[in-house]
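> Here you go, one structure.
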Amino acid sequence: MNLALLFLNTPTLVHLSAVDLVIIVFYFALVLGIGLYLKGQANTGEDFFMAGREMTAWVAGLAFLSANLGSLELMGWAGNSYRYGILAAHWYWIGAIPAMLFLALVMMPFYHICKTHSVPGYLKLRFGEGAQAISSISFAFMTVLMSGINMYAMAVVMRVVLGWDLNFSIIVSSLTVAAYVALGGLRSAIFNEVLQFFLIWAGALLIPILGLIEAGGWSGLQAKILQNLTELNVPNPGSYTHLWSTLGNFNANPMGINWVGIVFGLGAVISMGYWTTDFLVVQRVLSAKDLRSAELAPIIGAGFKMLVPLIVILPGLLGLALLRDPRSGELLRLVPANLAWSDLGQAQGLHGYDEVLPLMLARYCGPGLLGLGITALIAGFMSGMAGNVSAFTTVWTYDIYGTLINKNASDDTKVKMGRWVTVVGVIISIVTAYFAKSMPSIMDYVQALFSFFIAPLFGTVILGMLWKRATPAGGWAGLLAGTLSSVGMYVWVKIDPNAVRYVALSMDAQDQAQNMFRALWCCLICVIVTVVVSYLTQPKPDSELKNLVYGLTPIPKTEHVSMFHSPIFWGAIVAVAFVILQIIFW
Amino acid sequence: MKSGGHLSIWFFTGICLGVNGLLIFARGLYEIANPPLHQVVLYDLHANVWWGGFLLIAGLFFSLRFSPARERARMAEKP
């Protein structure tokens, strides 16, 4: 039997040429080579789990951003911008920039000074082992789920573009990730994240450039979207290219959300929670060599984050404007993934929302460029998966194994455990990849996970850092109540869809809007429960809160540097650019 | 950057961009001489030539600027 037939089980969108295959194989060889090269430099726990805490601001900053810029991010948000229009850009701007600046200038000193290995590690110091156990177990659960959906995203790319069988894609990529993370630990993951950052820009930037040329610039793109959506009888067609002006009412925009959900649910809770307490991204900044680098790293990440909509949101909008069925010439309408993957969908040749980026890639990229684009997506996927696996490994080893199972584990034992847990994490991720297949849209699934685990965690961490009266019992109870209430609201809406009117304040609320409001409520519940229980219980003495709480932590003076090396200066520049973008796309 | 011993991450980045740029640039030149039967949208812009060329130059810059020899020299100069 022809070996290729084992792997090719669906019609392919494109056919790779020899040069494309060389580019893909070269990438795999390079990442494995980097893993082998770094193996000798991951001998201690500090090396393996924290990359020796010697990364420069640029490396930590790009890794910080790249850990969040996987193929999941690229494909999922491109799909979401096709589905919800430019509203999806909120997740890159108000849903990221203020939180990244807050992490850099307010929270980073605490993380850096207490020398924690992880966010659950901070909770242990601040609230004790109860809060640490809840946060580490829920975080470990979330990372393997996230790793699984990265794997699924990769399989979708391979299926859409190359026709590869889902199982084959999952096996090849998971073996590669397991090898290079187990060999080089966090350092290897960070090296590959930086590499992936450049590959993604090199592979994806051509789509908006060529797309805008074809569409006739931004105004041409707006006109084409309006014309196409009007032709398809889509409600509010003009709202797809406006960021804020349609957020006055729930039913005036495609997401069914209002400004309260975006500003408070996304900007104040989900975003703050993710960028300041999700250990996957915070771990990259913790690897910085000194406090100034640790403060600059998120600011560098924020600067580039503002540009990411160019390669993620714009392709989705271009898909709305330009994609047509090659056979009939009619407008191509993408559908939810579960419909596209159904037998009926396959028979009709339907494509899911999340396939818009590969479709645009195939539209503009010939041999060579196609290989680079596919490599960028593979790199993004592997980086996203490696990031989750390395974070899972650290939290498991330090916060679950080292705290709850074997408190006297030696450093050598932890490194060995880390290497083995990497492999186990990848195996669990393989299982979770199949769950993602049943979700209508990848990013809805991810945001649901964030609202379960990240939103209440943010409430606990921020109270722990800023309010010295918060007690261990309060922190534990608040975190537990927040997590359970979020899962409870999710289940409530699944059982009774009419509950959306209470959870998201409107029956028009789509999945993303529900996630935002659920996050907002569960964070509030977490804060209220923490405050109430704290007032009913005995606080820790100030002496035990030194270096953990604002007001009791002497922030070390950073060395005197010029204005151009100052984190505050660059933070201000990023903040101004952020405001200008909101006005331009209002 | 110290992390990574003598080989900087920027060196690996340069190698990656350079090799990919060279392959894409060469393929672009080949396509000008032998136009493919099935052409992508905006084929006439020959994006693979100028984009491949750009990546090649960027790759060369990173590879040379952060070459192992230069890194060793820089480390030796540090007190």
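> State whether one or more residues within segment B:34-43 are among the β-branched types (Val, Ile, Thr) and either more than 7 Å from every other protein chain (Cβ to nearest Cβ) or part of a helix (DSSP H, G or I) (or both). First the steps, then the outcome.
Here is the first cut: in segment B:34-43, the ones among the β-branched types (Val, Ile, Thr) are B:40-41.
Restricting the remaining residues to those that are either more than 7 Å from every other protein chain (Cβ to nearest Cβ) or part of a helix (DSSP H, G or I) (or both) gives none.
Checked against the condition, which is being among the β-branched types (Val, Ile, Thr) and either more than 7 Å from every other protein chain (Cβ to nearest Cβ) or part of a helix (DSSP H, G or I) (or both), segment B:34-43 yields no hits at all.
> Another question, if that's okay. Of the residues that make up segment A:237-253, is at least one touching a Gly at 6+ places or on another chain (Cβ under 6 Å), in a helix (DSSP H, G or I), of a type outside the set (Lys, Arg) and within 30 Å of residue A:186 (Cβ to Cβ)? Give the derivation first.
The first filter runs over segment A:237-253 and keeps only residues touching a Gly at 6+ places or on another chain (Cβ under 6 Å), leaving A:240, A:250.
Among the residues that remain, those that are also in a helix (DSSP H, G or I) are: A:240, A:250.
With the extra rule that they be of a type outside the set (Lys, Arg), the set shrinks to A:240, A:250.
Those left that are additionally within 30 Å of residue A:186 (Cβ to Cβ): none.
The answer is no, given that none of the residues of segment A:237-253 is touching a Gly at 6+ places or on another chain (Cβ under 6 Å), in a helix (DSSP H, G or I), of a type outside the set (Lys, Arg) and within 30 Å of residue A:186 (Cβ to Cβ).
> Right, next: So which residues in segment A:379-395 are touching a Phe, Trp or Tyr at 6+ places or on another chain (Cβ under 7 Å) and within 14 Å of another protein chain (Cβ to nearest Cβ), if there are any at all?
A:379
> Where the second residue is among the hydrophobic types (A, V, I, L, M, F, W, C) and in a strand (DSSP E or B) and the first is over 13 Å from residue B:47 (Cα atoms) and more than 8 Å from every other protein chain (Cβ to nearest Cβ) and lies in segment A:349-375, which pairs have Cβ atoms under 7 Å and are six or more apart or on separate chains?
A:350/A:335; A:352/A:335
> Just to check your reading of the model, which residue among A:566, A:562 is more than 33 Å from the chain's Cα centre (by Cα) and closer than 18 Å to residue A:300 by Cβ?
Going through A:566, A:562 in turn, just one is more than 33 Å from the chain's Cα centre (by Cα) and closer than 18 Å to residue A:300 by Cβ: A:562.
> Please state which one of A:403, A:397 is crowded, with 20+ Cβ neighbours inside 10 Å and more than 18 Å from the chain's Cα centre (by Cα). Give the derivation first.
Details: A:403 fails: crowded, with 20+ Cβ neighbours inside 10 Å.
After ruling out the rest, the residue left standing is A:397.
> Of the residues in segment A:500-527, how many are more than 19 Å from residue A:449 (Cα to Cα) and either free of Cβ contacts under 8 Å to residues at least 24 places away in the same chain or not in a helix (DSSP H, G or I) (or both)? It would help to see each step written out before you state the result.
First, pick out the residues of segment A:500-527 that are more than 19 Å from residue A:449 (Cα to Cα): A:501-502, A:505-508, A:527.
Add one more test, that the residue is either free of Cβ contacts under 8 Å to residues at least 24 places away in the same chain or not in a helix (DSSP H, G or I) (or both), and what stays is A:501-502, A:505-508.
Matching residues across segment A:500-527 total 6.
> Sticking with this structure for a sec: So, restricting to helices (runs of 4 or more DSSP H) that lie completely within segment A:81-188, which ones have at least 3 residues that are closer than 22 Å to residue A:427 by Cβ, hydroxyl-bearing (Ser, Thr, Tyr) and within 22 Å of the chain's Cα centre (by Cα)?
Numbers: elements: A:97-102, A:108-114, A:119-127, A:129-157.
Result: A:129-157.
> Among the residues of segment B:21-33, which ones are in contact (Cβ under 8 Å) with a residue 24 or more places away in the chain and facing chain A (nearest Cβ under 9 Å)? I'd like the intermediate steps shown before the answer.
Just the residues of segment B:21-33 that are in contact (Cβ under 8 Å) with a residue 24 or more places away in the chain, to begin with: B:21-28.
Result: B:21, B:23, B:24, B:25, B:26, B:27, B:28.
> While we're here: Within the bounds of segment A:554-561, is there any residue that is touching an Asp or Glu at 6+ places or on another chain (Cβ under 8 Å) and more than 23 Å from residue A:313 (Cα to Cα)?
Applying the first criterion (touching an Asp or Glu at 6+ places or on another chain (Cβ under 8 Å)) to segment A:554-561 yields A:558.
After this cut, where a residue has to be more than 23 Å from residue A:313 (Cα to Cα) as well, the list is A:558.
Checked segment A:554-561: at least one residue is touching an Asp or Glu at 6+ places or on another chain (Cβ under 8 Å) and more than 23 Å from residue A:313 (Cα to Cα).
> Further question: Please go through segment A:324-339 and pick out each residue that is assigned to a loop (DSSP other than H, G, I, E, B) and either surrounded by 14 or more Cβ atoms within 10 Å (Cβ to Cβ) or touching a Ser or Thr at 6+ places or on another chain (Cβ under 9 Å) (or both).
Here is the first cut: in segment A:324-339, the ones assigned to a loop (DSSP other than H, G, I, E, B) are A:325-330, A:332-334, A:336.
Answer for segment A:324-339, where residues must be assigned to a loop (DSSP other than H, G, I, E, B) and either surrounded by 14 or more Cβ atoms within 10 Å (Cβ to Cβ) or touching a Ser or Thr at 6+ places or on another chain (Cβ under 9 Å) (or both): A:332, A:333, A:334, A:336.
> Pick from segment A:186-229 the residues that are β-branched (Val, Ile, Thr) and within 29 Å of residue A:61 (Cα to Cα): which of them is nearest to the other protein chains (Cβ to nearest Cβ)?
Initial filter on segment A:186-229 (β-branched (Val, Ile, Thr)): A:190, A:194, A:200, A:207, A:209, A:213, A:225.
Now drop any that are not within 29 Å of residue A:61 (Cα to Cα), which leaves A:190, A:194, A:200, A:207, A:209.
Numbers: A:190: 8, A:194: 5, A:200: 12, A:207: 10, A:209: 8 Å.
Per the criteria, the residue is A:194.
Readers should treat all values here as calculations from the given coordinates under stated rules, not as data from a laboratory. Computed from a predicted model, the values in this text were never measured in an experiment. Every residue, glycine among them, receives a Cβ derived from its backbone with ideal geometry; neighbour counts consider all protein chains shown.
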